[in-house]
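A.B. asks: Before anything else, here's the structure in question.
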There are 2 protein chains.
Amino acid sequence: MACTGVTAGRIVEQRAAAAMPGLAGIKAARSAAGKPAARAVMAAAPARRRTLRVAATATTDAPPAAGTANSNGGGTRVMIIGGDGYCGWATALHLSARGYNVCIVDNLVRRNYDLQLGLDTLTPIASAHERVRKWGEVSGKHIDLQVGDICDWEFLSQAFTSFKPEHVVHFGEQRSAPYSMIDRQHAIYTQSNNVLGTINVLYAIKELSPDCHLVKLGTMGEYGTPNIDIEEGYLTVTHNGRTDTLPYPKQAGSFYHLSKVHDSHNMHFAARAWKLPITDLNQGVVYGVRTEETMADKALINRYDYDGIFGTALNRFVVQAAVGHPLTVYGKGGQTRGFLDIRDTVRCIQIAVDNPAPKGEMRVFNQFTEQFSVNDLARIVTAEGAKLGLEVKTVSIPNPRVEAEEHYYNAKCTKLRDLGLEPHFLSDGMMDSLLQFAIEYKDRVNLELIKPAVDWRKSPVSVATMSAAVAKQ
Amino acid sequence: MACTGVTAGRIVEQRAAAAMPGLAGIKAARSAAGKPAARAVMAAAPARRRTLRVAATATTDAPPAAGTANSNGGGTRVMIIGGDGYCGWATALHLSARGYNVCIVDNLVRRNYDLQLGLDTLTPIASAHERVRKWGEVSGKHIDLQVGDICDWEFLSQAFTSFKPEHVVHFGEQRSAPYSMIDRQHAIYTQSNNVLGTINVLYAIKELSPDCHLVKLGTMGEYGTPNIDIEEGYLTVTHNGRTDTLPYPKQAGSFYHLSKVHDSHNMHFAARAWKLPITDLNQGVVYGVRTEETMADKALINRYDYDGIFGTALNRFVVQAAVGHPLTVYGKGGQTRGFLDIRDTVRCIQIAVDNPAPKGEMRVFNQFTEQFSVNDLARIVTAEGAKLGLEVKTVSIPNPRVEAEEHYYNAKCTKLRDLGLEPHFLSDGMMDSLLQFAIEYKDRVNLELIKPAVDWRKSPVSVATMSAAVAKQ
């Protein structure tokens, strides 16, 4: 299914816009987005017989050449579960812009977590319905939005039967470790929602779309911090003179991370028993907020979480630097993890879709590009802040988590590179633009939300939503 | 807390009864049970201040000497979750007979599975309430019966608060691999029930009985069939010049087995984060039905499952031999697993309770005594049948499971032996008595129930309870 919907002229204009650094490039892209788009009718996906309109405005800094193998969606049907979330939304637009036929499946519960806990994204995000409407206006491309819960089999099976996905990209899980540790109920909710939802997806593929490739988001946190190198999913062991390649041992550090360990085991079984093709992406900590598509219009902007429950260390530090608050390092700060730019997340998903796993195999990629310790991040933010005239201080606060604060960490991440990933490294000007972005929105910052609100050791049986919502320290 | 409630005279009589082989010994024990029992008042457990009456009739073939360390319960409060099930009931009586203060927590759902699927135990079992009433009558000992669901936090927390367990022995999970593979709903039920119930138990211990030792029943099936030796829970790996001891990699073969893999990971985290003392018992396939206590009265008899969903291979073969049906070997029959006698199960639990794990550690024991392949079992049953004049044939039928049928298997099981387990081996006359037992009850056999009713590859999304209930082949 070749897609010829992108005119050469628009691509050139888009490339030129994308080549501009920082905000200048984004503004040029926005300007381009405002113009009447060149349109063309592409071959409709056989199962849908829907005419899709394709416009160049949504292509990005690495736009696909029309008809190029493995770079152009060609109407491939990709269901993105959790497509209204941070990574999911960016991925949905990235793929839609490249000619994939995208269906977002989301119960919008991520927005509800914020309401429950009194949190808010730094960036004002539009409603899910307004987002896809605006995307259609900006890009001329249709994204199907199916609002419902994958734990609800009646809904999920109907979504599968109507959309007939060729790939399912599954971001649809509760993804915060602190949220899972708020109290017993949140631990139960997290494992129930994540593990049972994924079992439903496995059955849906097996019965309703048996050739469908599952791309599932796991986490580097599944591995914990072993004292040996972390391989990509499997470890070849020689023991008492015999050798086997076995699933890499898992030592997750929260009920959230554990839920993804459980998913990995369930998927490994389903791949073997039912011959499903599965890619398990053990993603690192994602930072940044801007992809070309999400910056194409205010209504497309992505969420940016900096709070103590959903915010990651780097996003938190950037906001703290922007508002003149000391960076809060948990404990000794030697905690080391894999990190990646959200522009690489969306590209990794596309690579996984374009190069599906063989049937019967659960393939595992470690999806990150660089390793940093928390102290490394604090140093980088401090140095970048100084360039902008910000005086950034760092304080150590008691670690609310149970984790090693000084440890060996060496994780492999070559498989996605081998398939074509060209990383955006943190040193490539990213910090500068992130800081400028945070400064732009700093009037929306609520510093109370940044404090750690969930203590791993406490995690009570009494309902603790309120104490998590009102950060104490 | 010394217990002096067992008179020497009764012990001698009991030992003599237990020394008799097969049914003779059981009848003698039953006869002893009918006599007025010697009674004595023991020191009440501090938290309960209840006077327990102790009678010798319930002591067994290895009765504890009064006051002996690590052999006498001394009123230790042990909550047995799933205490109405096959292993749980035998364990409850074993510990109660030895002076432990036992509380059974059970929602009785195991009996409901039989009703749903039209199955029945070979042995006619009494109701849970009648069982504990009769046990009180036979032994003079009280077992607390709390009927409720550990997934119901309100119930579980009340059970903990009122009983204040010093040890929780957790058998309370859906334990059949075929049941978990009936259809999507049964897969979801199994993982939800097992994983979430265990999370509740972890929170209950952490918050309500923080010094309580958890003894959790896992399964040898968590390991799958790796091409290297299976260690007890952990594997020391040297990789790229560095060494660490990590959780043994898991490759479970059904949604049931996977649920126990998930439990193990969750418990490992809880031990580290909350400093809980946990023993994870990776149990092999249990065979046999008779323990001294369960044979002390008809109303105390244990269940014996031989059907295609809850029956294990050996129990199934024994019933087939007894009724003149060929033994049904799944596929090539090279599937090798660890096995143990139920008399060793109850002893292993006692050993774990008497030697608790240290706080902050999840200790893993492999709980089996011998390895057999399915073909080994068929040969043994055939040979033992011949001694009783039975002509036993074997047929191979298509394997309903997805599993290796010829593979390396060498699993370690030394830790429980080191703590004092003296195994009953299958060759020690067990087969003879099992066969005689099956012959005694053969009028209750329904051969239709033995056929495999659940196919791993089919496991549909449509509700398949009825097709599982009406075995087809």
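A.B. asks: Could you pull out the residue among A:THR345, A:THR382 that is surrounded by fewer than 20 Cβ atoms within 10 Å (Cβ to Cβ), in a helix (DSSP H, G or I), hydroxyl-bearing (Ser, Thr, Tyr) and at pLDDT 95 or above?
C.D. replies: Details: A:THR345 fails: surrounded by fewer than 20 Cβ atoms within 10 Å (Cβ to Cβ).
One residue alone meets the criteria, A:THR382.
A.B. asks: Since B:THR76 meets every condition but one in (1) closer than 16 Å to B:ILE349 by Cβ; (2) among the polar types (S, T, N, Q); (3) in contact with a Lys or Arg (Cβ under 6 Å, 6 or more places away or on another chain), which condition does it not meet?
C.D. replies: Checking B:THR76 against (1) closer than 16 Å to B:ILE349 by Cβ; (2) among the polar types (S, T, N, Q); (3) in contact with a Lys or Arg (Cβ under 6 Å, 6 or more places away or on another chain), the one that fails is (3).
A.B. asks: Now for a separate question. May I ask you to list the residues in segment B:185-216 that are surrounded by 24 or more Cβ atoms within 10 Å (Cβ to Cβ), more than 20 Å from the chain's Cα centre (by Cα) and more than 13 Å from B:PHE160 (Cα to Cα)?
C.D. replies: Answer for segment B:185-216, where residues must be surrounded by 24 or more Cβ atoms within 10 Å (Cβ to Cβ), more than 20 Å from the chain's Cα centre (by Cα) and more than 13 Å from B:PHE160 (Cα to Cα): B:HIS186, B:ALA187, B:ILE199.
This table checks each residue for (1) basic (Lys, Arg); (2) touching a residue at least 24 places away in the same chain (Cβ under 8 Å).
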position: A:LEU95; (1), (2): no, yes
position: A:ARG98; (1), (2): yes, yes
position: A:GLU130; (1), (2): no, yes
position: A:GLY136; (1), (2): no, no
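A.B. asks: Out of all the residues in segment B:351-368, is one or more outside any strand (DSSP E or B), of a type in the set (Val, Ile, Thr) and closer than 27 Å to B:LEU246 by Cα?
C.D. replies: yes
A.B. asks: Filter segment A:261-310 down to the residues that are within 14 Å of chain B (Cβ to nearest Cβ) and out of contact with any Leu (no Cβ under 8 Å at 6 or more places or on another chain) and list them by number.
C.D. replies: A:VAL261, A:ASP263, A:SER264, A:HIS268, A:ALA271, A:ARG272, A:ALA273, A:LYS275
A.B. asks: Of a type outside the set (S, T, N, Q) and in contact with a His (Cβ under 6 Å, 6 or more places away or on another chain): is that true of B:ILE182 in this structure? It would help to see each step written out before you state the result.
C.D. replies: Values: of a type outside the set (S, T, N, Q): yes; in contact with a His (Cβ under 6 Å, 6 or more places away or on another chain): no.
For B:ILE182, the condition - of a type outside the set (S, T, N, Q) and in contact with a His (Cβ under 6 Å, 6 or more places away or on another chain) - is not met.
A.B. asks: Could you grab me the full set of residues in segment B:357-371 that are within 19 Å of the chain's Cα centre (by Cα) and either on the phi > 0 side of the Ramachandran plot or not polar (S, T, N, Q) (or both)?
C.D. replies: Applying the first criterion (within 19 Å of the chain's Cα centre (by Cα)) to segment B:357-371 yields B:363-371.
Across segment B:357-371, the qualifying residues are B:ARG363, B:VAL364, B:PHE365, B:PHE368, B:GLU370.
A.B. asks: Continuing with the same structure: A:PRO452 fails exactly one of the following numbered conditions: (1) out of contact with any Lys or Arg (no Cβ under 9 Å at 6 or more places or on another chain); (2) within 15 Å of A:LEU327 (Cα to Cα). What is the number of that condition?
C.D. replies: The single condition A:PRO452 does not satisfy is (1).
A.B. asks: Same structure again: For segment A:226-238, which residues satisfy the criterion of being facing another protein chain (nearest Cβ under 10 Å) and either at positive phi or hydroxyl-bearing (Ser, Thr, Tyr) (or both)?
C.D. replies: A:TYR234, A:THR236, A:THR238
A.B. asks: Which residues, counting only those in segment B:193-208, are touching a helix residue (DSSP H, G or I) at 6+ places or on another chain (Cβ under 6 Å) and among the polar types (S, T, N, Q)?
C.D. replies: Result: B:ASN194, B:THR198, B:ASN200.
A.B. asks: Of the numbered conditions (1) within 30 Å of B:HIS268 (Cα to Cα); (2) in contact (Cβ under 8 Å) with a residue 40 or more places away in the chain, B:ALA378 fails exactly one; give the number of that condition.
C.D. replies: (1)
A.B. asks: Also, I was wondering about something else. Looking at (1) assigned to a strand (DSSP E or B); (2) in contact with a Leu (Cβ under 8 Å, 6 or more places away or on another chain); (3) within 19 Å of B:ARG290 (Cβ to Cβ), which is the one condition that is false for B:LEU314?
C.D. replies: (1)
A.B. asks: Now, a different point. Inspect segment A:124-134 for any residue being touching a strand residue (DSSP E or B) at 6+ places or on another chain (Cβ under 7 Å), modelled with pLDDT of 95 or more and of a type in the set (Val, Ile, Thr) and give the result as yes or no. Before you say what the answer is, go through the steps one by one.
C.D. replies: Here is the first cut: in segment A:124-134, the residues touching a strand residue (DSSP E or B) at 6+ places or on another chain (Cβ under 7 Å) are A:128-129, A:132.
From what is left, the residues that are modelled with pLDDT of 95 or more are A:128-129, A:132.
Now restrict to residues that are of a type in the set (Val, Ile, Thr): A:132.
Yes; the residues of segment A:124-134 include at least one that is touching a strand residue (DSSP E or B) at 6+ places or on another chain (Cβ under 7 Å), modelled with pLDDT of 95 or more and of a type in the set (Val, Ile, Thr).
A.B. asks: Oh, and also: Being within 14 Å of another protein chain (Cβ to nearest Cβ), among the hydroxyl-bearing types (Ser, Thr, Tyr) and not in a helix (DSSP H, G or I) is true for just one of A:SER462, A:SER427, A:SER396. Which residue is that?
C.D. replies: A:SER462 is the lone residue from the list that is within 14 Å of another protein chain (Cβ to nearest Cβ), among the hydroxyl-bearing types (Ser, Thr, Tyr) and not in a helix (DSSP H, G or I).
A.B. asks: Consider segment B:250-260. How many of its residues are buried (at least 24 other Cβ atoms within 10 Å of the Cβ) and at the interface with chain A (Cβ under 7 Å from one of its Cβ atoms)?
C.D. replies: Going through segment B:250-260 one residue at a time, the tally reaches 2.
A.B. asks: Within the set of pairs 6+ apart or on separate chains, which have a first residue in segment A:188-216 that is within 25 Å of A:PRO178 (Cβ to Cβ) and more than 12 Å from chain B (Cβ to nearest Cβ), a second that is crowded, with 24+ Cβ neighbours inside 10 Å and of a type in the set (Lys, Arg), and C-beta atoms under 9 Å apart?
C.D. replies: A:LYS216/A:LYS260
A.B. asks: Sticking with this one: If we scan segment A:401-410, do we find a residue that is surrounded by fewer than 20 Cβ atoms within 10 Å (Cβ to Cβ) and free of Cβ contacts under 8 Å to residues at least 60 places away in the same chain?
C.D. replies: Within segment A:401-410 (the criterion being surrounded by fewer than 20 Cβ atoms within 10 Å (Cβ to Cβ) and free of Cβ contacts under 8 Å to residues at least 60 places away in the same chain), the answer is no, since none of the residues qualifies.
A.B. asks: Run down B:LYS141, B:LYS164, B:LYS134 and say which single residue is on the phi > 0 side of the Ramachandran plot and over 20 Å from the mean Cα position of the chain (by Cα). Spell out how you get there, then give the answer.
C.D. replies: Values: B:LYS141 fails: on the phi > 0 side of the Ramachandran plot; B:LYS134 fails: on the phi > 0 side of the Ramachandran plot.
Every option except B:LYS164 fails the conditions.
The values are calculated or read from the model by the stated rules, or taken from the named source; none is laboratory data. As the structure is a prediction and not an experimental result, all values here were calculated from the model. Every residue, glycine among them, receives a Cβ derived from its backbone with ideal geometry; neighbour counts consider all protein chains shown.
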